[in-house]
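*Asks:* Submitted below is the structure of interest, expressed as structure tokens.
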Amino acid sequence: MQARSLARMAAVVGVAYVLSNLTGLGQRIIVTSQFGTSVEYDAFNAAFRIPDLLFSLLAGGALASAFIPTFTARLSRNQQTLAWKLALAVAGLVFIVMSAFAVIAALAAPFIIRSIVAPGFDDGQVALTAALMRLMLISTVIFGVSGLLMGVLQSNNSFLAPAIAPSIYNIGIMFGALALRGQGIYGVATGVVVGAALHLAVQLPALARVLLRSRVINRAADVAAQTATAAGELADDVRKVIRLMLPRIVGLGAVQINLIVTVSLASGMGEGAVSALNIAFATLILPQAAIAQAIATVLFPTISAHAARGEHGEFARSLTRAINVVIALSAPAAIGLILLGQPIIRLLFQRNTFNAQSTDAVAFALAWYGAGLVGHSVLEVVTRGFYALHDTYRPVILSVASMIANVALSLILAAVFRANSLPPYGGLALANSVATALETALLYAWLAHRVPQLNLKLTVIASVKSSIAGGVMAAALWLWLNVLGNGTLAALLAIVAGIAVYFGAAWALRSEETGFAVNILRAKLLRRRLSAET
């Protein structure tokens, strides 16, 4: 896929992720308006950790990072039948394994919550959390199959359905919160299961189109004629997927342990601490998904194909451009979250039981999480570089190291914040930001050593220009807020002014990455105008 085609597709996926983020905001606004940062919402957030852990470890990022390069390699060699038989075999395996782990987790729910997830909860909270967790484990099994389907579609350059599936999932949660409001927090948990089913269903039409385009149906007659060698290759591919998944599972386990440690520590920091961190991190993900996840999702099959064909120069150029664009776009978003966090949270969430105190708590956590947005965003792209090279071992080493650093920093910084009469959960958010930044820097250095064609000089130049433009933006926002205050209208205008100042400064510095993004947007708007006129 050419650079401009890649950028256009990333823009489309980015818009879909923005829609997903907006629906995610909508469902969080609905849920928080009903529950605020209450004991019930703390229980829901804690209950979600184990289903999310199982999905992430067994069928989420681990499966995608192992399956997409293997599946894409077969497609790039025009071995369609083997590729689709691989997908079918892995789907069956995922369903069986996910179901088994979900049953075990459901049986051990009270012990897991009391001993690991939320040791600070009382008996009533533990019972509620266990009941919610058992219900939401159903969604984990569904997401296992749906997650594999996303990888299949993305490998075939079909990105739209996987990109809008999260929006449909959020609509399912809204349904649970509104239509099943009488069931309280159980209605929200039921909505999670409904949303997971819709997440799977919305991708089925796209799968049918891909199957027809690949003419797999016509090739089905050839299945009986497959040789023993082909059957052996299929078994080798399944083993390769499992082999690549194992270290990735360890790495994602480290990430989930970080989240569990955060919930565990926050559960003893007073009512609302768990929810404040959860809402703040979910808000951080909004720009991260629209920028980094969109670019990384579209980039991954392309660089996987380059790696499979041994095109190291093209691989390095695509990866370098993606990293630089992510830095250029995530830097102003990070500054906005830090300086405008309070009015943003007030505008989005403050209503009903989500009061001014809740806004202050979430905005405080968001400021410290925001410091790590660039690190989180670049990490999305850099890790894809390793996975495309069928290397899942190096990322896991640094992921485990990052987990250890995060736990240590969480304990240290929480104590520092408490000693300075600040909410200690802010230290947990800052620990996450620092650990992620260190992990990203070290992982990039390792990738540059592995792929010498990566242009470190261009990335350094892009980073310096983004930092300077970001500094100008921060100064402008600081002056704006000091003159006009941080009311809702002033904050909305400040967002527009901040973006204008950043891109103006970047243009003055001749930043190629911001110019590239603006040109893509301008081209899309021009095409829409021309199509409207004709």
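*Asks:* Whether any residue in segment 120-128 is modelled with pLDDT under 90, assigned to a helix (DSSP H, G or I) and either touching a strand residue (DSSP E or B) at 6+ places or on another chain (Cβ under 7 Å) or under 17 Å from VAL194 (Cβ atoms) (or both) is what I want to check.
*Replies:* Checked segment 120-128: no residue is modelled with pLDDT under 90, assigned to a helix (DSSP H, G or I) and either touching a strand residue (DSSP E or B) at 6+ places or on another chain (Cβ under 7 Å) or under 17 Å from VAL194 (Cβ atoms) (or both).
*Asks:* Then there's this: In this structure, does TYR393 turn out to be modelled with pLDDT under 90, surrounded by 18 or more Cβ atoms within 10 Å (Cβ to Cβ), of a type in the set (Phe, Trp, Tyr) and over 30 Å from VAL496 (Cβ atoms)?
*Replies:* Numbers: modelled with pLDDT under 90: yes; surrounded by 18 or more Cβ atoms within 10 Å (Cβ to Cβ): no; of a type in the set (Phe, Trp, Tyr): yes; over 30 Å from VAL496 (Cβ atoms): yes.
No: the conditions fail for TYR393.
*Asks:* I'd like the full set of residues that are under 16 Å from ASP52 (Cβ atoms) and modelled with pLDDT of 80 or more, limited to segment 285-300.
*Replies:* ILE285
*Asks:* Name the residues in segment 129-170 that are among the hydroxyl-bearing types (Ser, Thr, Tyr) and within 15 Å of PHE48 (Cβ to Cβ), would you?
*Replies:* Quick first cut of segment 129-170, residues among the hydroxyl-bearing types (Ser, Thr, Tyr) only: 129, 139-140, 146, 155, 158, 167, 169.
Selection gives THR129, SER139, THR140, TYR169.
*Asks:* Quick one: would you say ILE338 is surrounded by 23 or more Cβ atoms within 10 Å (Cβ to Cβ) and assigned to a helix (DSSP H, G or I)? Break it down into steps so the answer makes sense when it comes.
*Replies:* Details: surrounded by 23 or more Cβ atoms within 10 Å (Cβ to Cβ): no; assigned to a helix (DSSP H, G or I): yes.
Taking the combined requirement at face value, the residue does not satisfy it.
*Asks:* Taking the stated definitions as given, is SER467 within 26 Å of the chain's Cα centre (by Cα) and buried (at least 20 other Cβ atoms within 10 Å of the Cβ)?
*Replies:* Working: within 26 Å of the chain's Cα centre (by Cα): yes; buried (at least 20 other Cβ atoms within 10 Å of the Cβ): no.
Taking the combined requirement at face value, the residue does not satisfy it.
*Asks:* Could you list all residues from segment 381-432 that are under 24 Å from ALA296 (Cα atoms) and charged (D, E, K, R)?
*Replies:* Those that are under 24 Å from ALA296 (Cα atoms) and charged (D, E, K, R): ARG384, ASP391, ARG394.
The values are calculated or read from the model by the stated rules, or taken from the named source; none is laboratory data. What you see is a predicted model, and the numbers here were worked out from it, not measured in a lab. For neighbour counting, all protein chains shown are included, and Cβ atoms are generated from backbone atoms with ideal geometry for every residue, glycine included.
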